[in-house]
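Submitted below is the structure of interest, expressed as structure tokens.
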Amino acid sequence: MSDNNNQTGDSDKDNNDENNNSPYQPSLTSYSTILSNIFTSPAEAMQQVQENYNVLFPLFTLMSATVVVFAYYYFAVDYQWYIDHMVEISAGELSKSEQEEARAVFSMMSQTTMASITAITASIGVAIVFVIQSVYFVIVSNVTNDGFQFKQWMSFTAWSSLPSLLSYLAIMVYIFSSSNGQIAFETLNPLSLNDLFFGFDASKGAGKMLASIDLTKFWSMYIMIIGYQKWTGKSISTSATVVLIPFFGIYGIWTLFL
């Protein structure tokens, strides 16, 4: 009886020692919690992203949303009107014969084919943009020696871009509310600066540039600034400079060609 008690005691001791020697592994924050915090508590969300630097969830979410929105648009739009409109806005750059050729090319593709090609291409474009942004941050990391690599920055850019889901939602509502399906692609986003404040011709010039910027883009940049500060320990001014350089660079160059 005594031997059994001793064996039991030794077994419990071994189990306790094993438990004590096991490293503590905190539970990972759920993706839904991080997604919620992106909108309500960005600083906390970007700290939670650092737990495992997940890329697939935000990337798949945004790519899937892109496919849904673009497919919905092309299935909802008056396709013949769309073809005429696309030829019309390019009329200044094309001769009469070229316009007819363009019309023929558009007409050769069915509405389903156009929806599929555009939706898939747009979703791939989302991933390409994230890759380019991540490469930029990797270059900055190599200069500042902050130790972050491509995967970390890919996660950073993808999670920071999730506010664009609100733009997608606004676009879906806008398409749904259309009575005749005659919706110009360039005016699709009701949250764009052009649609909200300026009302320029969105098919060219300043209108086209302003139509490419919406309110959620500023939200994403704010999240990036806060996140960069949290991740690297840099000052808020340095973080803002690093994050905003590409934005001002791209739109500054675009402005020169208006």
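The values are calculated or read from the model by the stated rules, or taken from the named source; none is laboratory data. Please read all numbers here as calculations on a predicted model, not as lab measurements. Here the Cβ is made from the backbone with ideal geometry for all residues, glycine too, and neighbour counts use every protein chain on show.
Looking at Tyr222, Tyr251, can you tell me which residue is surrounded by fewer than 19 Cβ atoms within 10 Å (Cβ to Cβ) and within 15 Å of Pro163 (Cβ to Cβ)? Even if it seems obvious, please write down each step before you answer.
Details: Tyr251 fails: within 15 Å of Pro163 (Cβ to Cβ).
Within the list Tyr222, Tyr251, the selection yields Tyr222.
Could you tell me how many of the residues in segment 55-85 are closer than 25 Å to Gln99 by Cα and free of Cβ contacts under 8 Å to residues at least 40 places away in the same chain?
4
Quick check on my filter: what residues within segment 91-115 are basic (Lys, Arg) and over 29 Å from Val67 (Cα atoms)?
Lys96
Looking at (1) free of Cβ contacts under 8 Å to residues at least 40 places away in the same chain; (2) surrounded by 14 or more Cβ atoms within 10 Å (Cβ to Cβ); (3) within 23 Å of Tyr79 (Cα to Cα), which one does Ala184 not meet, given that it meets all the others?
The number of the failed condition is (1).
Take Lys151 and tell me if it is basic (Lys, Arg), out of contact with any helix residue (DSSP H, G or I) (no Cβ under 7 Å at 6 or more places or on another chain) and at pLDDT 95 or above.
When the stated conditions are applied, Lys151 passes them.
Surrounded by fewer than 19 Cβ atoms within 10 Å (Cβ to Cβ) and at pLDDT below 95, is that true of Ser116?
Criteria not met by Ser116.
For every residue, the table says whether it meets (1) crowded, with 19+ Cβ neighbours inside 10 Å; (2) out of contact with any helix residue (DSSP H, G or I) (no Cβ under 8 Å at 6 or more places or on another chain); (3) within 28 Å of Leu28 (Cβ to Cβ); (4) of a type in the set (S, T, N, Q).
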site	(1), (2), (3), (4)
Asn52	no, yes, yes, yes
Val55	yes, no, yes, no
Thr66	yes, no, yes, yes
Phe70	yes, no, no, no
Trp81	no, yes, no, no
Ala102	no, no, no, no
Ser107	no, no, no, yes
Ile120	no, no, no, no
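For segment 225-245, check the following and say yes or no: at least one residue is without any contact (Cβ under 8 Å) to a residue 40 or more places away in the chain, in a helix (DSSP H, G or I) and farther than 26 Å from Phe148 by Cα.
no
Kindly indicate whether Trp159 is touching an Asp or Glu at 6+ places or on another chain (Cβ under 8 Å) and closer than 24 Å to Ser32 by Cα.
So Trp159 fails the test.
With respect to Asn180, is the statement that it is polar (S, T, N, Q) and assigned to a helix (DSSP H, G or I) true?
no
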